[in-house]
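J.: Below is the structure I would like to discuss, written out as structure tokens.
The values are calculated or read from the model by the stated rules, or taken from the named source; none is laboratory data. As the structure is a computational prediction, the values presented were derived from the model and not from experiment. So basically every Cβ, Gly included, is an ideal-geometry build from the backbone, and we count neighbours across all protein chains shown. When the accessible area is computed, the model is the full protein with side chains, heavy atoms only, and any ligands, DNA or RNA have been set aside. Shrake-Rupley method; radii C 1.70, N 1.55, O 1.52, S 1.80 Å.
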Amino acid sequence: MHTRANIVLIGFMGTGKSSVGRCLAQRLGLQLVDMDTLIESRQQKPISRIFEEDGEPHFRVLERALAQELAGQSGLVISTGGGIVLNPDNVSDFARSGLVVCLQASPEIILQRVGHETHRPLLATGDKLGRIRELLGKRQALYDAVPHQVDTNALTPDQVADQIVALYNQRAR
Ligand code: S3P
């Protein structure tokens, strides 16, 4: 049997990587890997505690190692963490392993989706919208550089998945 390309979801927090990843894995019969969840289970602590106790640079080292490991596998739907683009090697390794898609959303929509949550250390601040704008400002060019983009502002996870399934099937032909 031939190996199936990975699908790698990239994008800022709250752009829908985890929920779209679940839809895609189910629809295509691929295995879902959520990088943050896997890092948490291997480290046996939540991302917020990894940031607090070990620091963000240590988290980035763990994230980089896992990106290399997963890029060597096939048949996966990989939901990355929002900061995966900070190391361009992550994106180029993933691009060699399959279809990389960047999900985008406006700061206001991102706030609606994640504003009530408490587990994201980078958004643990009073002015969440300001923080989202600041981080997006620093990273926007990195997200925009990914060749395949889906604007998720007005779409459900299933509708986003429709677009990605179409791209994936085109690629397989
Ligand atoms: C981060 C995003 C988070 C998580 C960590 C850092 C970021 O993932 O990896 O808190 O730098 O944007 P999600 O995008 O799944 O929230």
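J.: Quickly work out the residue 116-to-residue 159 label distance, labels modelled 7 Å from Cα along the C-beta direction, and quote it in nm with one decimal.
T.: It is 2.1 nm.
J.: Now for a different question. Between residue 172 and residue 133, with labels modelled 7 Å along Cα→Cβ, what's the label distance in nm to one decimal, could you check?
T.: Modelled inter-label distance: 4.3 nm.
J.: Of all accessible surface on segment 83-173 at a 1.4 Å probe, what whole percent is carbon and sulfur?
T.: The C+S portion of the solvent-accessible surface of segment 83-173 is 53 percent.
J.: What distance in nm lies between label points placed 7 Å from Cα along the C-beta direction at residue 61 and residue 108?
T.: In this crude spin-label approximation the distance works out to 4.3 nm.
J.: Something else: How far, in nm, would the chain grow between residue 140 and residue 5 when pulled straight, counting 0.36 nm per residue and subtracting the alpha carbon separation?
T.: 46.0 nm
J.: Could you rank the peptides 134-141, 96-103 by their average count of other C-beta atoms within 10 Å per residue, with the highest value first?
T.: Result, highest mean first: 96-103, 134-141.
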